[in-house]
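Everything below concerns the one structure shown next.
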6 protein chains.
Amino acid sequence: MPYVNIKITREGATAEQKAQLIKGVTDLLRDILGKNPATTVVVIDEVDTDNWGIGGETVSVLRAR
Amino acid sequence: MPYVNIKITREGATAEQKAQLIKGVTDLLRDILGKNPATTVVVIDEVDTDNWGIGGETVSVLRAR
Amino acid sequence: MPYVNIKITREGATAEQKAQLIKGVTDLLRDILGKNPATTVVVIDEVDTDNWGIGGETVSVLRAR
Amino acid sequence: MPYVNIKITREGATAEQKAQLIKGVTDLLRDILGKNPATTVVVIDEVDTDNWGIGGETVSVLRAR
Amino acid sequence: MPYVNIKITREGATAEQKAQLIKGVTDLLRDILGKNPATTVVVIDEVDTDNWGIGGETVSVLRAR
Amino acid sequence: MPYVNIKITREGATAEQKAQLIKGVTDLLRDILGKNPATTVVVIDEVDTDNWGIGGETVSVLRAR
């Protein structure tokens, strides 16, 4: 029944990588907390680098440096 | 003053359906908890099926089966 | 499969009211979008009035006025 | 180490305005709570006006009035 | 730089289990997407069973059955 | 109409500091994007240090070092 939200910058994650991430997180919740995979929901948000800030700057600016 | 976030897969919900959902949730909060509709905010996120996992698999994979 | 997060101020909502809200939102998603209730997740967060702001003020201050 | 999520309607915020917002919020957290800017994350979500409701109506409908 | 939010029902997860979960998710993001662990943030929310609904019912009701 | 969610570790932020943060963020959204303070919502979540991870470790462990 857990719900997991993963936010990453939109920088080319493939469908295969996202599927691996969903599988991996679902397995962790089963192995560590005994959570039922059938009702474990994982949602990945990919965020434009203009919209993600760290250290007071956007990732767009950090990547361009 | 409530804030509601609804996450669904991006699979063709129409503007009309989303408007009905917003109206319905706002009414529920007024009817059950007495919340003021004027400051009730509802945000709908539509998520690509590659980015939504349940049971350890993406919805893209589930839909293709 | 939808995921809904409802944030309200912590001001005495009862278990019965929260159960009605969960039922109501789940029914709306089935009726409007055809979503399967069995995998519809609704999470309610109750937030202290010191931690909720609207109009630049906390709800604690608004309520005390 | 704080995490801040800002949701606004998608109505033309520029990269420069979003960068100012990220800088401003990061500075506030340093000035008021002493939080380290280096690990302060700010994520901005821009939401379609069809998907944002207030007062039981979508912003698309409100803007068209 | 990823941000991960894990929501589970408050049903006795230990500090050790939560630490394992944080370590596991951080490792997955490094191994699958090459994300830097130093700036990977994981936040776990434990939610009262009265406040978590699935299938239109609260987990409190499901557990009592 | 913006919605802002600020997550910080629960380490003694005062009601006064949280009020300043709410005021500050609301002002930023008005000054930079012209958003109406009357419908700007800010919600602060304070998270136990056992439930917050960075660099693959909980803040509880980092603070104890």
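The values are calculated or read from the model by the stated rules, or taken from the named source; none is laboratory data. The structure presented is a predicted model; accordingly, all values stated were derived computationally and were not measured. FYI the Cβ positions are ideal-geometry reconstructions off the backbone, even for glycines, and counts take in every protein chain you see. Accessible surface areas use protein heavy atoms only, side chains included; no ligands, DNA or RNA. Shrake-Rupley method; radii C 1.70, N 1.55, O 1.52, S 1.80 Å.
Observations, loosely collected:
- Residue in the range A:41-54 that is at pLDDT 95 or above, more than 7 Å from every other protein chain (Cβ to nearest Cβ) and more than 28 Å from C:Val4 (Cβ to Cβ) present: yes
- Only residues that are within 7 Å of another protein chain (Cβ to nearest Cβ) and either open to solvent by 40 Å² or more (accessible area, probe 1.4 Å) or closer than 15 Å to D:Leu21 by Cβ (or both) were counted across the range F:12-26, and they come to 8.
- In the range B:21-39, the residues that are without any contact (Cβ under 8 Å) to a residue 12 or more places away in the chain and in contact with an Asp or Glu (Cβ under 9 Å, 6 or more places away or on another chain): B:Lys23, B:Gly24, B:Pro37
- Residue-level analysis places B:Thr9 among those that are within 30 Å of A:Ile22 (Cα to Cα), under 12 Å from the mean Cα position of the chain (by Cα) and either open to solvent by 30 Å² or more (accessible area, probe 1.4 Å) or at the interface with another protein chain (Cβ under 7 Å from one of its Cβ atoms) (or both).
- Scan of the range F:34-65 for residues that are hydrophobic (A, V, I, L, M, F, W, C) and either open to solvent by less than 10 Å² (accessible area, probe 1.4 Å) or in contact with a strand residue (DSSP E or B) (Cβ under 7 Å, 6 or more places away or on another chain) (or both), ordered by number: F:Val41, F:Val42, F:Val43, F:Ile44, F:Val47, F:Trp52, F:Ile54, F:Val59
- Filtered residues of the range D:1-58 (kept if touching a Pro at 6+ places or on another chain (Cβ under 7 Å) and of a type in the set (Gly, Ala, Ser)): D:Gly55, D:Gly56
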